[in-house]
Amino acid sequence: MSSARPLVIGGGPAGAAAAIRLAMAGTPALLVERNRTIGDALCGGFLSWRTLDRLRALGVDPDAIGGHRVTRLALIDGTRETVRALPYPALGLSRYAMDTALIERAIALGTEVRHATVRMDGAEAFDESGVAIPASAVFLASGKHETRGASRPRDAAGPDPFVGIRLRLAATPALARALDERIEMHMFEGGYCGVVLQDGASANLCMAVRKSRLARAGGKPAGLFAELFATHPILRERLAEMPDDAAFDAIGHVPYGWRARETLPGLFRLGDQAGCIPSFAGEGIGIALASAEAAVDAWVKGGAEAAPEYQRRFGAHIAGPVRTAGLVTKLSVRPSGASVLARLAAIPGATGLAGRLTRVS
Ligand SMILES: Cc1cc2nc3c(=O)[nH]c(=O)nc-3n(C[C@H](O)[C@H](O)[C@H](O)COP(=O)(O)OP(=O)(O)OC[C@H]3O[C@@H](n4cnc5c(N)ncnc54)[C@H](O)[C@@H]3O)c2cc1C
């Protein structure tokens, strides 16, 4: 490792937060992002109360960005819904709005942003022409999928991995009324989908479904929704205005439950590269911001050599929330699991406890 600037790879929440933290510590970074424009990443767009506190600590005020206040969770098992208050208010916010605010803050603090698809070799980063990018330390925040040269174990996503599917909907008056201040989780065998209002008069539907379940429905989201509408009338009502040619976004092989426990000196893994919590918990962005904070703290105190100890500690720190979210997810996607979960959620205090156990402190 040289005495050059720190290098951040990836401009999602983990990378942008690391760049902000590095600049706040007096060492603005070079951030390299493969996409030239900020997209609206496939995500449920639910920001927990902890995530909102972390954004504020970075100097990003979520209330100034917009979004929709969320105070209640509705767990819906086909026809029956169990509604519970969240421990604290949360927010429905599009990734476009949040990622833009974070990157703008990083740039305002002195971060330089360049565009390239980075490849790793050990703890060294290379641009597309194979030229090494000098760095005093590398903060790898390239998200849930593999980065060439810094791969996860092949089976990280498990034998029947989850596929993420997202649909943006116009917030019609009926939908806006139904979703006012609440996030809905529609549960079914093999998957679940969250629906929440966001900024820009839109609603976001985001589903995680096992690959085998999607295949059983013919492999296409439209086929799966057609099947679900027969047994899930509330979901059908929410999607009443879905066009026949609805454009779904999809990502495959989400490595839910995976955690990094080791790394090389000089290579700090952040966000989904550090651990991938099942999206049922709505805490992935929280982990992204928490890992940025922990990694930059470790680097400031111990330099590049501190990376392996940071990774070990952070992996242990998120173990509880990742395991709890994994158990809830496993239960909800089993045959009859949704109705068991809905009954458990009706026990006073149970939802609040699960909400707390799946947060990263
Ligand atoms: C279906 C689903 C729903 C979810 N819903 C929620 C939710 O409601 N709430 C919540 O908190 N979390 C949710 N999550 C989790 C959340 O989306 C992730 O945890 C979060 O995006 C992780 O942030 P990140 O910065 O690590 O990665 P990302 O957001 O994926 O950002 C990675 C960035 O790195 C860039 N990049 C990748 N490779 C390279 C490369 N080689 N060189 C340069 N740049 C590169 C990418 O273009 C991207 O901009 C959900 C996840 C899924 C799958």
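Things worth noting here:
- Fully extended contour minus Cα-Cα distance, from residue 27 to residue 80, at 0.36 nm per residue: 13.8 nm
- Between the beta carbons of residue 330 and residue 148, assuming R0 = 30 Å, the FRET efficiency works out to 0.45 to the nearest 0.05.
- The chain gives an Rg/Rh value of 0.97, both radii derived from C-alpha positions and Rh following Kirkwood.
- Rounded FRET efficiency, nearest 0.05, which uses the C-beta distance separating residue 53 from residue 220 and R0 of 51 Å: 0.80
- Given their separation in residues at 0.36 nm each and the Cα-Cα distance between them, residue 72 and residue 129 gain 15.5 nm when the chain is fully extended.
- Percent of beta bridges antiparallel (DSSP, the chain, rounded to nearest 5): 70
- Whether region 92-172 is rounded, prolate or oblate, judged on the alpha carbon gyration tensor where a/c under 1.5 counts as rounded: oblate
- Hz values of 3J(HN,Hα) by residue in region 178-186 - Karplus curve (6.51, -1.76, 1.60), Gly and Pro given as x: 5, 9, 4, 6, 9, 10, 9, 10, 8
- For region 1-86, average projected area of the Cα convex hull in nm²: 8.5
- Taking all Cα pairs closer than 8 Å and separated by 6 or more residues, the relative contact order of the chain comes to 23 percent.
- Dipole moment magnitude, nearest 20 debye, region 155-228 about Cα centre, only Lys, Arg, Asp, Glu C-beta charged: 240
Coordinate-derived values only; no laboratory data. Given the structure is predicted, the values throughout are model-derived calculations rather than measurements. Reconstructed Cβ throughout: ideal geometry from the backbone, glycine too, with neighbour counts over all protein chains shown.
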